[in-house]
Amino acid sequence: MSDLKVDIKFSRKGFKLDVQFELRNSHVTVILGKSGSGKSTLLRLLAGLEIPSAGTIKCNGETWTNISQSINFSPQKRITGFVFQDYALFENMNVADNIGFGVKKGARNKAIKGLLEKLELESVKDSYPAQLSGGQKQRVALGRALAIKPNLLLLDEPLSSIDFNMRKKLQRELKNIIRTIDCPVILVTHDLNEARLMADNLIVMDEGKHIRSGVAHEVFTNPVNKRTAHILGWQNFLPIKSLHNGYADTKWGRIFIDTTIVPDAEWLTIKPERIRFGKATKNSLSVTITEIEDYGAYKEFRCQVDDSLSIIVHRPSDEPTPSVNSVVNLHLSSSCLMLVRANTSTIEDVKLPFKQGCYAQKVS
Amino acid sequence: MWGGLLMLNFEPIILTLKLAFVTVIILLVFSLPFAWWLSRTSSRFKPLLESLTALPLVLPPTVLGFYLLMLMGNNGIIGEYWFELTGSPLVFSFTGLVVASCFYSLPFVVQPLQAAFEKLDFKIIEAAYTLGASQVRTFIFVVAPMIRRGFITALVLGFAHTVGEFGVVLMVGGNIPGETQVISIAIYEAVETMDYSSAHWMSFGLLVFSTLVLLLVYSFNRKWSVN
């Protein structure tokens, strides 16, 4: 199995990236973040396509980068299979030649044959990239990257240029293929659903820093800090006055919680789809609906609590729902409320005791 | 009229083809890295270098020829150095003609190559690198096939433009049979001496040659754009 240890800084035209993480025996690690968060740059740094301004990258005990010692392996020497966003297939070569490009002559035919079979591309082996569907192109790009038996397989938003319906199908296909690969995979995406579907471990990035990392399930259920929560789909944040065992006091009264206590938490958060309209109870807020948008599958309600707080609620479109300007009660289920800290700027703040997988750690 | 064809002096034709061949080889060797650099750089000197490269497109050949004559003459910076080095003058020689032709045909080679490089998706080069391919292998198997249209256009236009040059050649090379008398100058001399038969056959040959060359370029471009 493999280890990857990354502690790098990178800066270009005002953009700064500063990332430290470690992967141990991790299979699929997803780097999730908004556009411009630096996730693709991080992937390029791992592949050797960009040179960090400082830091080290170690893979399986081998130093790929150590800027202070003037070590920086070329992309050729790292042997990372890189799948680009738009695949970057060689348009002048057919499918078989694309797959075999990185393999030495003696082993080429065998590698091509095996991957054509595995990726179900035998029927198009003589076709050129321009003649392929989106799904076939993706498989060729994967095959080309896998043919070199990479130390790491790096996927840079491999499905972002594909339309919604096709993307769902290809996500399943990609997941199935990835599950059969025996090298560590790092996939970059801004799509929350894609991250949920693929990730064993998750690294959340924002503004060039990684703000939360760990086993995917744990990160998704406990975002810890406000920025991570926002990226993972939490939209409503209520500031806390004081936190107690089982409840939190807020400007809008006492709210009971049934969740992991995060030390120094400053915010209560809840996802829009977890809020229900209902009668006044101990965990409810009286609000005025100011706006309703119908998105087909669900309606989005903008509810004003007072001048300082509005809450977003998503309810299924076929459910009977109140109209604009009506005054209603929102029920905040204690089990759906989450505590988060204020935005953090250091990795120390998000360090959690994960037993395996992906570690955010302070590097001294 | 046909008799004129048999009487034709082939020396200027051979000299012209030799000049065009040598010029285009030198230009390709120089222009490939230069066009690559121009296509990738964000240097503040880029507009200046692009303008200097494109100058032969807008300047009268006599202007370019005049300054080249000044530079390459025995008292010019290049000419003086050349004379010290070789003991023979650079102007009114075949070598001088090659140097002048390289300046004159530069934009016809650099610009198609630069356009081809600019159209090239840099990610395919990076993809080749991550697959372990060296820079040389990447250029031969990935870059070259992708820029072949630009390459052929540069090659053919550079060659054809050198074949057709007149003003610069006359200024720098003069009219020495077997040394600097290229086809366009031979035509001019034939007309001057009222040898219209020779002028016709040489002009007609150049006309056919130029048509064929352009036909070749457009056919290649059409074929590759269909593919």
### Message
Against the definition (away from chain B (no Cβ under 14 Å) and either in contact with a helix residue (DSSP H, G or I) (Cβ under 8 Å, 6 or more places away or on another chain) or surrounded by 17 or more Cβ atoms within 10 Å (Cβ to Cβ) (or both)), how does A:Lys58 come out, yes or no?
### Response
no
### Query
Could you say which residue among B:Thr193, B:Thr130, B:Thr211 is touching a strand residue (DSSP E or B) at 6+ places or on another chain (Cβ under 6 Å) and either without any contact (Cβ under 8 Å) to a residue 12 or more places away in the chain or at positive phi (or both)?
B:Thr130
### Query
Among the residues of region B:99-149, which ones are of a type in the set (Val, Ile, Thr), at the interface with chain A (Cβ under 9 Å from one of its Cβ atoms) and within 27 Å of the chain's Cα centre (by Cα)?
B:Val142
### Query
Is region A:29-49 home to any residue that is more than 30 Å from A:Gln131 (Cα to Cα), touching a Lys or Arg at 6+ places or on another chain (Cβ under 6 Å) and facing chain B (nearest Cβ under 10 Å)?
yes
### Task
Would you be able to tell me the number of residues in region A:8-35 that are under 15 Å from A:Gln85 (Cβ atoms) and without any contact (Cβ under 8 Å) to a residue 60 or more places away in the chain?
0
### Query
Inside region A:110-127, can you point out the residues that are within 19 Å of A:Ile181 (Cβ to Cβ) and part of a helix (DSSP H, G or I)?
A:Lys110, A:Ala111, A:Ile112, A:Lys113, A:Gly114, A:Leu115, A:Leu116, A:Glu117, A:Lys118
### Query
Of the conditions (1) free of Cβ contacts under 8 Å to residues at least 60 places away in the same chain; (2) at the interface with chain B (Cβ under 10 Å from one of its Cβ atoms); (3) touching a strand residue (DSSP E or B) at 6+ places or on another chain (Cβ under 9 Å), A:Leu159 fails just one. Which one is it?
(2)
### Message
Checking the structure you have, find out if any residue of region B:172-179 is more than 14 Å from chain A (Cβ to nearest Cβ) and either under 15 Å from the mean Cα position of the chain (by Cα) or aromatic (Phe, Trp, Tyr) (or both).
### Response
no
### Query
What helices (runs of 4 or more DSSP H), lying completely within region B:110-227, carry at least 3 residues that are of a type in the set (A, V, I, L, M, F, W, C)?
B:122-130, B:148-163, B:167-173, B:183-192, B:196-226
## Note on the structure
Considering region A:100-155, residues that are touching a residue at least 24 places away in the same chain (Cβ under 8 Å) and exposed (fewer than 13 other Cβ atoms within 10 Å of the Cβ), and then whichever is nearest to the other protein chains (Cβ to nearest Cβ), we arrive at A:Ala130
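Bear in mind these aren't lab numbers, they're just calculated from the coordinates by the rules spelled out. These numbers were taken from a predicted model, which means no experiment stands behind them. All Cβ positions, glycine included, derive from the backbone under ideal geometry; neighbour counts span all protein chains shown.
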